[in-house]
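These notes are about the structure you will find just below.
The values are calculated or read from the model by the stated rules, or taken from the named source; none is laboratory data. Just so you know, these numbers come straight off a predicted model, no measurement behind them. Note that each Cβ is placed from the backbone with ideal geometry, even for glycine, and that neighbours are counted across all protein chains shown. In case anyone asks, the SASA skips ligands and DNA or RNA and just uses the protein heavy atoms, side chains included. Shrake-Rupley method; radii C 1.70, N 1.55, O 1.52, S 1.80 Å.
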Amino acid sequence: MARPRKPLLSRERIVTTALALIDAEGLPALSTRRLAAELGVSGPSLYNHFTTKDEILDAVADTVIAEVDVSAFRAGGDWRSGLLGWARSYRAALAAHPHIVPFLAQGPGRRPAGLKMADAAFGGMVEAGWPPAQATRICAMVRYFVAGSALGSFARGFVDDPGAYDPADYPHLGQAHLLAEHQRQVDEGAFETGLQALVDGLALHHPERVPPHHD
């Protein structure tokens, strides 16, 4: 009886396995030795597809960013809908893989999906009338906001023990022990509140709204 063949090693299989490992155990868990063991291959065989561990991380990061939907910038809507759609999809992609966020926060580097996302967002804002310098700052601001939101949970930062919040010391935290129980509602609500405030604030500074300066 023929022995079952092992699945062929491919870039896609390496990246999928690396992402699953990072999701489960965090970035420090990823090493070429550990990854090879998870794949059931020898370590050197990975180098037929990737030269270094950083190249694997780049591919993992780009796989996550490829999930971000930037189509709202091309759907004929205004810059607000583009920014809202991008930010929400961006957060969803990162929130699904929070352990990779610190690596992603370093920027797109040479990663194609990251560069395509940056190009779509920047281009959409410039086409909507924002000067390039302002468009750059706005895109950076959104990236900071989204990464911070995806990286941690505000609600989980509070323990569910009522005794931890002595009213003599913390007179306004009498309900703080309930936050963790409503984590998704709190965290998603905070993100939406901040995102709407960000877009509303930007609208006040759009070139169409700012009167020309006269000496």
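Only Cα pairs within less than 10 Å get springs; with that Gaussian network setup on the chain, which residue of 132, 98, 28 has the largest fluctuation?
Evaluated over the chain, the most mobile residue of the options is 28.
Simple spin-label model, 7 Å along Cα-to-Cβ: residue 205 to residue 180 in nm?
That separation, rounded to one decimal, is 3.8 nm.
Gap in Å between the Cα centre of region 39-93 and the Cα centre of region 143-215?
26 Å
Would you please put 160-170, 177-187, 111-121 in order of how densely packed they are, using the mean number of other Cβ atoms within 10 angstrom per residue and starting with the highest?
My ranking of the peptides, most packed first, is 111-121, 177-187, 160-170.
Can you compute the modelled spin-label distance between residue 80 and residue 34, with each label point 7 Å from Cα toward Cβ, in nm?
Placing both labels 7 Å along Cα→Cβ, they lie 4.6 nm apart.
So for the pair residue 52, residue 144, with labels modelled 7 Å out along Cα→Cβ, what separation do we get in nm?
Roughly 2.9 nm, to one decimal.
Counting only protein heavy atoms and a 1.4 Å probe, tell me what percentage of the chain's accessible area is made up of carbon and sulfur.
Carbon-and-sulfur percentage of accessible area, whole number: 56.
So what's the Cα pair-distance distribution over region 69-209, bin width 10 Å, in %?
Result returned by the calculation: 11, 35, 28, 16, 9, 1.
Ranked highest first by the average count of other Cβ atoms within 10 Å around their residues, in what order do 45-53, 57-65 fall?
In decreasing order of mean packing, 45-53, 57-65 become 57-65, 45-53.
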